[in-house]
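> Sharing a structure here in structure tokens format.
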Amino acid sequence: EKLITESQIVEFHQKGFIHIDSVFGHDEIVKLATHCDELIHSPDLPTEHLPDGFLSVRACTTSSLALAKVACSEKLLKIVMSILGPYISLIGSQIIYKLPLTGKPVYGTPEKHGWHQDIYGMHNDLGKNAPQCAIKIAIWMTHELEHEPAVTKFCPGSNNLGFPKISKGKANPDIYI
């Protein structure tokens with residue numbers, strides 16, 4: 001069973017991300033959501049309250065065997081290895097919950113746009129052929145992706161360009177999804 005096509009691999013290297021729908025089935029998502037809920041509400045784990053109503057638990061794969069099994073599932077590993085090859089390491093894991101926004105947003109203004117890119121400076125040092133590091137795999141458990149104001153957005157091609165250019169007076173790059 002092939003979970004990713006050659007054109008998706010090319011798209012990943014061009015844009016820096018791809019969307020693969022339905023990697024996990026309904027029952028797997030329900031189990032995953034249950035485990036995430038248990039961890040985010042666990043009194044034994046430290047949580048971070050992030051700006052704009054996000055709650056986070058780090059190192060979730062070391063706190064939950066069930067989540068470690070998802071992160072290392074055969075389906076997910078086949079996809080990642082198709083893109084990056086077999087020499088990969090899991091170096092971190094995090095659950096992020098978006099809570100209802102209360103008050104004025106902290107980010108999303110020209111003064112504090114809130115855009116983030118991991119290791120973007122490497123491209124300044126090594127150029128377009130910098131190695132791929134800190135690849136993120138995100139599993140969204142919502143159907144509101146296009147309408148949520150604070151959902152993670154992506155800037156296509158920023159993996160090859162460094163930090164996205166944001167015009168003066170704007171909160172977002174010209175092109176993002």
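> Mind checking which pairs have a first residue in the range 1-22 that is closer than 19 Å to Ile177 by Cβ and a second that is open to solvent by 50 Å² or more (accessible area, probe 1.4 Å) and in a loop (DSSP other than H, G, I, E, B), Cβ under 8 Å, 6 or more apart or different chains?
Between residues of the range 1-22 that are closer than 19 Å to Ile177 by Cβ and residues that are open to solvent by 50 Å² or more (accessible area, probe 1.4 Å) and in a loop (DSSP other than H, G, I, E, B), the close pairs are Lys15/Phe154; Gly16/Phe154; Phe17/Phe154.
> Any residue in the range 68-90 that is closer than 29 Å to Ile177 by Cβ, surrounded by 15 or more Cβ atoms within 10 Å (Cβ to Cβ) and in contact with a His (Cβ under 6 Å, 6 or more places away or on another chain)?
no
> Residues that are open to solvent by 90 Å² or more (accessible area, probe 1.4 Å), at pLDDT 70 or above, acidic (Asp, Glu) and not in a helix (DSSP H, G or I): does the range 166-175 have at least one? Show your work before the answer.
Initially, the range 166-175 is screened for residues open to solvent by 90 Å² or more (accessible area, probe 1.4 Å), giving 168, 170, 174-175.
After this cut, where a residue has to be at pLDDT 70 or above as well, the list is 168, 170, 174-175.
Among the residues that remain, those that are also acidic (Asp, Glu) are: 174.
Filter again for not in a helix (DSSP H, G or I), leaving 174.
Checking the range 166-175: at least one residue is open to solvent by 90 Å² or more (accessible area, probe 1.4 Å), at pLDDT 70 or above, acidic (Asp, Glu) and not in a helix (DSSP H, G or I).
> Take the residues in the range 138-157 that are modelled with pLDDT of 75 or more and surrounded by 15 or more Cβ atoms within 10 Å (Cβ to Cβ); name whichever of them is nearest to the chain's Cα centre (by Cα).
Phe154
> For the range 12-34, enumerate the residues that are open to solvent by 60 Å² or more (accessible area, probe 1.4 Å) and either more than 20 Å from Leu76 (Cβ to Cβ) or part of a helix (DSSP H, G or I) (or both). Give the derivation first.
Initial filter on the range 12-34 (open to solvent by 60 Å² or more (accessible area, probe 1.4 Å)): 13-15, 19, 21-22, 26-28, 30-31, 34.
His13, Gln14, Lys15, His26, Asp27, Glu28, Val30, Lys31, Thr34 - these are the residues of the range 12-34 that are open to solvent by 60 Å² or more (accessible area, probe 1.4 Å) and either more than 20 Å from Leu76 (Cβ to Cβ) or part of a helix (DSSP H, G or I) (or both).
> Look through the range 35-60, keep the residues that are part of a helix (DSSP H, G or I) and open to solvent by less than 30 Å² (accessible area, probe 1.4 Å), and return whichever of them is farthest from Lys98 (Cα to Cα). Don't jump to the end; show me each part of the working.
First pass over the range 35-60, keeping only residues part of a helix (DSSP H, G or I): 35-40, 60.
Pick out the ones that are also open to solvent by less than 30 Å² (accessible area, probe 1.4 Å) and you get 36, 39-40, 60.
On the way: Cys36: 13, Leu39: 15, Ile40: 11, Cys60: 17 Å.
Across the range 35-60, the extreme among qualifying residues is Cys60.
The values are calculated or read from the model by the stated rules, or taken from the named source; none is laboratory data. Being a predicted model, the structure only gives us computed values, none of them experimental. Backbone-built Cβ (ideal geometry, glycine too); neighbour counts: all protein chains shown. For accessibility, only protein heavy atoms count, side chains too; no ligands or nucleic acids. Shrake-Rupley method; radii C 1.70, N 1.55, O 1.52, S 1.80 Å.
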